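**Student:** What follows is a structure written as C-alpha cells; I'll ask about it next.
The values are calculated or read from the model by the stated rules, or taken from the named source; none is laboratory data. As the structure is a prediction and not an experimental result, all values here were calculated from the model. Ideal geometry is used to build each Cβ from the backbone, glycine not excepted, and the neighbour counts take in all protein chains shown. Ligands, DNA and RNA are stripped out before the accessible areas are found, and what is left, the full protein with its side chains, is counted by its heavy atoms. Shrake-Rupley method; radii C 1.70, N 1.55, O 1.52, S 1.80 Å.
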Amino acid sequence: AAVRFDLFDAAVNSGVRQAIKWLQRAAGATDDGIIGPKTLFAVRMADPHKLAARFNGHRLRFLTDLKTWPTFSKGWARRIAANLLSD
C-alpha cells in the first residue's frame, strides 16, 4: 500500500515496465520488469517506508539522467514531491 499510488503514477508517466523495475530495485528483487511471485514476496517483506523512499529515489535518479531533465525537471520533481507529501 505504501507505494501503490507511486507505482501507478510512475507507470502512467514512464511506462509500466520501467515502474515495475523501480519497484523491484527498491525491494531488492531482480529488475526484469515483470511482476511475479518473487517480486511480490520481496515487496511484502520490505519495510514500507524504506520501499517508498527507495522507489522514489530510483525514479528520481532515472529522470535526472534523461536528456530532457533540464526541460521537464521542475514538473517531474514537483509531481514526485506531491506524491511523497500525500497521505
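**Student:** Would a scan of the stretch 1-21 turn up a residue that is touching a Gly at 6+ places or on another chain (Cβ under 9 Å), of a type outside the set (G, A, S) and in contact (Cβ under 8 Å) with a residue 40 or more places away in the chain?
**Tutor:** yes
**Student:** Same structure, new question: Go through the stretch 1-65 and tell me which helices (runs of 4 or more DSSP H), entirely inside it, have 1 or more residues that are touching a His at 6+ places or on another chain (Cβ under 6 Å), open to solvent by 40 Å² or more (accessible area, probe 1.4 Å) and at pLDDT 95 or above.
**Tutor:** 16-27
**Student:** How do the pairs read when you match residues in the stretch 72-87 that are touching a residue at least 12 places away in the same chain (Cβ under 8 Å) and open to solvent by 40 Å² or more (accessible area, probe 1.4 Å) with residues anywhere that are among the aromatic types (F, W, Y) and assigned to a helix (DSSP H, G or I), using Cβ under 8 Å and keeping only pairs 6 or more apart or on different chains?
**Tutor:** Correct list of pairs: W76/W69; S86/F5.
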